[in-house]
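This report concerns only the one structure given below.
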Amino acid sequence: MQAQSEVYTLNPKIERIANILRLVGWVSFWLQLGLGAASALMLIFAISGRSFSQAVAPTPGVPVPTYTQGTTPGIGISIFWGVCGILALLFTLYLAFRLTRFAKRLRNPNPALHPQKADVMKVLRVAVIAGFVGMLLTILGGGSGLGVLLSKSIAQPQGVAIYDPSRIIRSLDIFVATASMTGITAHFVGTVASLGLFNWLHPEL
């Protein structure tokens, strides 16, 4: 084993590629993880708050089933697209982690253990596509949520007390829109990192 380790020497160019691949992979992974966790928490708050408001009557004597009007009509669509965006983000997180594993293999002095260029480029290509798909899903969620908020703000009479709970803009509605924007940012980070690596590594490997 000692003689074999002395035979293989790591090419400085391969080492530089491995270091950059490792750095970008981990930075992309942790940024996406942090932003994705924030987006998921906001969606969880929105979903739990929506369920809670459906189960609590607004005033004594009002039957519980009639309080479904207190929830925001149409916001469920935004939550659905937001959850889809989170699922797509989990996939891009896995791809970012795979890049760090490729970097570890590239640092091995034995060339037989190095990943193939086609494998690395394939992961980057899939990561870019997944990032764009994730951005599209979260844009749909954010757009539908902002559309609901806009329609509610237009429907509110100025200077008049509002007695219809469905016409009130609630903080939970804003949580959904904010979660979508955070998800878009997470997918944008991953897409930029993967696209940048793809364009840089194509002539290098």
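The values are calculated or read from the model by the stated rules, or taken from the named source; none is laboratory data. Quantities reported herein were computed from a predicted structural model and do not represent experimental measurements. Neighbour counts are summed over all protein chains in view; Cβ atoms, including those assigned to glycine, are modelled from backbone coordinates with ideal geometry. Ligands, DNA and RNA are excluded from the accessible area calculation, which covers all protein heavy atoms including side chains. Shrake-Rupley method; radii C 1.70, N 1.55, O 1.52, S 1.80 Å.
Which of the residues belonging to region 97-135 are among the small types (Gly, Ala, Ser) and either under 16 Å from Trp200 (Cβ atoms) or outside any helix (DSSP H, G or I) (or both)? Walk me through how you get there before you give the answer.
Start the filter on region 97-135 by keeping residues that are among the small types (Gly, Ala, Ser), which leaves 103, 112, 118, 127, 130-131, 134.
Passing the criteria: Ala103, Ala127.
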Pairs needed: first member in region 171-191, open to solvent by 20 Å² or more (accessible area, probe 1.4 Å); second member anywhere, among the charged types (D, E, K, R) and assigned to a helix (DSSP H, G or I); C-beta distance under 9 Å; at least 6 residues apart or different chains. Leu172/Arg50
Contacts under 9 angstrom Cβ, first residue in region 108-124 being charged (D, E, K, R), partner assigned to a loop (DSSP other than H, G, I, E, B) and surrounded by 14 or more Cβ atoms within 10 Å (Cβ to Cβ), 6 or more apart: Lys117/Leu205
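Let's see how each residue does on (1) open to solvent by less than 10 Å² (accessible area, probe 1.4 Å); (2) among the hydroxyl-bearing types (Ser, Thr, Tyr); (3) touching a His at 6+ places or on another chain (Cβ under 7 Å); (4) over 21 Å from Ile17 (Cα atoms):
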| residue | (1), (2), (3), (4) |
| --- | --- |
| Gly82 | yes, no, no, yes |
| Phe97 | no, no, no, no |
| Arg107 | no, no, no, no |
| Lys122 | no, no, no, no |
| Arg125 | no, no, no, no |
| Val133 | no, no, no, yes |
| Ile139 | no, no, no, yes |
What is the number of the single condition among (1) surrounded by 12 or more Cβ atoms within 10 Å (Cβ to Cβ); (2) modelled with pLDDT under 90 that Gly61 does not meet? (1)
Exactly one condition in (1) of a type outside the set (Gly, Ala, Ser); (2) loosely packed, with under 15 Cβ neighbours inside 10 Å; (3) modelled with pLDDT under 90 is false for Pro115; which is it? (2)
Within region 155-163, identify whether any single residue is assigned to a helix (DSSP H, G or I), modelled with pLDDT under 80 and either of a type in the set (A, V, I, L, M) or within 22 Å of the chain's Cα centre (by Cα) (or both), and answer yes or no. yes
Report yes if Leu41 is surrounded by 13 or more Cβ atoms within 10 Å (Cβ to Cβ), at pLDDT 90 or above and over 26 Å from Pro109 (Cβ atoms), otherwise no. yes
